[in-house]
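Everything on this sheet refers to the single structure shown next.
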Amino acid sequence: MNFEKGEILYFDKPLRWTSFDLVNKARNIIRYQLGVKKLKIGHAGTLDPLATGVMIVCTGKCTKQIDTFQYQTKEYVATLQLGSTTPSFDLETEVDGVYPTEHITEELLKETLSKFIGEIKQVPPVYSAVKINGKRAYQYARKGEEVEIKPKTLVIDEIELLSFADNVATIRVVCSKGTYIRALARDIGLELNSGAHLIALKRTRIGDVKVDDCVSIEKFESMIQAIKDDYIISNDNNNK
């Protein structure tokens, strides 16, 4: 194992951490525990703070593989609250609208989900990192400024209803790069002639990397502490 030359790490991102938080924590663990002075490190695909699950982090020369991972198919398990909306399409903001749900049945929900399979056009959320005139969309949104965000073409390979009760639906989605599951929740709500927003999200797979292959940041720190002495000695010998 040599983080300076390049390693590929699989993490299960904690709830409420930004993607940068996770990368920064991993960097600090490697640098301070192993005495690494400089470390090139980056992640292959952002997750919102309110999402958990698979994050691939690359170091050293392996950062050249980031684009490859980013373009791989991703799988999510998402929980939607039907009948209400929020400006951010998730729990980051308060509910701003409540809509009828009496007409929504499991049959209607399954039929609606099937309409999103294949190539679709999706308008990213205003609370997102999409760049508009050099600024992130969320910078406009948090100031109450309205901006036009152009739709993007993406592909939904699979969408499956896992459970539905009390106007809460849990779905599994397999999709292409650039898919906003929050925006998908919004669009599902609209298609149902109601509303919807995301109340939980877990990325369960990127390519062949599943969440079961990932470690928590706490587990990673323990692993690094366990190899600390051997790592430093090995690297000292390699540098002689």
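The values are calculated or read from the model by the stated rules, or taken from the named source; none is laboratory data. Predicted model, so just to flag it, every value in this text is computed and none were measured. Using ideal geometry, Cβ is built from the backbone for each residue, glycine included, and neighbour counts are taken over all protein chains shown.
Observations on the model:
- Restricted to segment 214-230, and to residues there that are surrounded by fewer than 14 Cβ atoms within 10 Å (Cβ to Cβ) and under 20 Å from the mean Cα position of the chain (by Cα), the residue that is farthest from residue 185 (Cα to Cα) is 218.
- Residue 31 basic (Lys, Arg), surrounded by 15 or more Cβ atoms within 10 Å (Cβ to Cβ), touching a strand residue (DSSP E or B) at 6+ places or on another chain (Cβ under 8 Å) and outside any loop (DSSP other than H, G, I, E, B): no
- Scanning segment 38-57 for residues that are part of a loop (DSSP other than H, G, I, E, B) and touching a helix residue (DSSP H, G or I) at 6+ places or on another chain (Cβ under 7 Å) yields 39, 40, 44, 45, 46, 47.
- The number of residues in segment 58-77 being touching a strand residue (DSSP E or B) at 6+ places or on another chain (Cβ under 7 Å) and in a helix (DSSP H, G or I) comes to 5.
- Near pairs, Cβ below 6 angstrom, 6+ apart or cross-chain, from segment 60-78 (more than 18 Å from residue 1 (Cβ to Cβ)) to any residue that is among the small types (Gly, Ala, Ser): 66/42; 66/44; 69/44; 70/44; 70/45; 72/207
- Lone qualifier among 101, 86, 93 - being assigned by TED's automatic domain parsing to the domain that holds residue 194, touching a Leu at 6+ places or on another chain (Cβ under 6 Å) and either exposed (fewer than 13 other Cβ atoms within 10 Å of the Cβ) or of a type outside the set (Phe, Trp, Tyr) (or both): 101
- Test result for residue 184, in contact (Cβ under 8 Å) with a residue 12 or more places away in the chain and either hydrophobic (A, V, I, L, M, F, W, C) or out of contact with any Cys (no Cβ under 9 Å at 6 or more places or on another chain) (or both): yes
- Qualifying residue in segment 142-153 (condition: aliphatic (A, V, I, L, M) and assigned by TED's automatic domain parsing to the domain that holds residue 103): yes
- Criterion violated by residue 62 - all others in (1) within 24 Å of residue 128 (Cβ to Cβ); (2) at pLDDT 95 or above; (3) not assigned by TED's automatic domain parsing to the domain that holds residue 180 satisfied: (1)
- The criterion of being closer than 26 Å to residue 162 by Cβ and surrounded by 17 or more Cβ atoms within 10 Å (Cβ to Cβ) does not hold for residue 46.
- Listed by first and then second residue, the pairs linking a residue in segment 108-120 that is of a type in the set (S, T, N, Q) to a residue that is surrounded by 14 or more Cβ atoms within 10 Å (Cβ to Cβ), with Cβ atoms under 9 Å apart and 6 or more places separating them unless they lie on different chains, are 112/104; 112/188; 112/191; 112/192; 114/159.
- Criterion (surrounded by 15 or more Cβ atoms within 10 Å (Cβ to Cβ) and farther than 21 Å from residue 213 by Cα) met by exactly one of 22, 9, 39: 39
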